């Protein structure tokens, strides 16, 4: 049977496509890297994707190693490691711990408004403007980080962070109070696969800060409302369980948050420090 030129070409193309699909080389294509998130101490988290690690608001107190609730060390097992900070307070920006974890080549991204307040000695610091995409590491851009507006309970500069990696999007709220930017953030960057939100509604009574009874970070109920606006597929509470003299938290913060999230039909989960979140 004689075949037309068109039929011969069609047969050749089909054969080539079949060989490509079934070839061992194609079958051995490595899978795309996945994103894993470890909750650290207090407000800190560690993101690991492929050969890159990104810390957010990571702090570590070695004196707590033998305590009832020991801090989680800032360990790294990847070649590239960098960090983001939301503001300069020591429980969110631990310069000594970051120097040790990041080594000589790691970069700490500090919001432009925070840089004048922060101890950046012996750290490689990259200032970032609001809504400016930052690629980390610079060579592979495994993570894209964007700082977005937040409001600090003590009146200091602060941002929240949006991080994109491996097709997932994360929101980290530092210890922000309730504000009116939630809807803009949701519209511009949501929905989020994971939102990490403070829940302890703390009140700090030190020096000029008198106790007015008003929360200086999100209360449990406000955190659940923020998660709803952000369209978070999963919300994990952070920044709770640290009451001390002059620093007061709302009572029963965790249970109040879980109840408020359930009432709003928000998927929420308690994750203990050191545990991993698989996305």
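Rule-based calculations on the coordinates, nothing more; no lab input. If you're wondering where the values come from, they're calculated on a predicted model, not measured in any experiment. Note that each Cβ is placed from the backbone with ideal geometry, even for glycine, and that neighbours are counted across all protein chains shown.
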remark   = Quick note, region 114-268: a/c under 1.5 would make it rounded; otherwise a/b > b/c is prolate and the rest oblate (a ≥ b ≥ c, C-alpha gyration tensor); here it is oblate
request  = Obtain the nm distance between the two label points defined at residue 206 and residue 229 by a simple spin-label model: each point lies 7 Å from its Cα along the Cα-to-C-beta direction.
outcome  = 2.8
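If we sort 102-112, 50-60 on the protection proxy, mean other Cβ atoms within 10 Å, highest first, what's the order?
Numbers: 102-112: 18.2, 50-60: 23.5.
Answer by packing, highest mean first, reads 50-60, 102-112.
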message = What's the ranking of 186-192, 79-85 by average number of surrounding C-beta atoms within 10 Å, highest first?
response = 79-85, 186-192
task = With everything on Cα atoms, drop me the angle between helix 220-230 and the longest principal axis of the chain, reported from 0 to 90° to the nearest 10.
result = 30
task = Compute the relative contact order of the chain as a whole-number percentage, counting only Cα pairs closer than 8 Å that sit 6 or more residues apart in sequence.
result = 15
remark   = Taking Cα atoms only, helix 5-22 is inclined relative to the longest principal axis of the chain by an angle, in degrees rounded to 10, of 40
C-alpha center-to-center spacing [region 220-279, region 56-111] in angstrom = 22
task = Go through 148-158, 121-131 and give me the packing order, highest mean Cβ count within 10 Å leading.
result = 148-158, 121-131
ask   = How much length, in nm to one decimal, is gained on full extension between residue 154 and residue 66, taken as 0.36 nm per residue of separation minus their Cα-Cα distance?
value = 28.6 nm
ask   = Roughly how many nanometres apart are two label points built 7 Å out from the Cα toward the Cβ at residue 276 and residue 130?
value = 3.7
task = Could you tell me whether the chain comes out rounded, prolate or oblate from its Cα gyration tensor? Rule is a ≥ b ≥ c as square roots of the eigenvalues, rounded for a/c under 1.5, then prolate if a/b exceeds b/c, otherwise oblate.
result = prolate
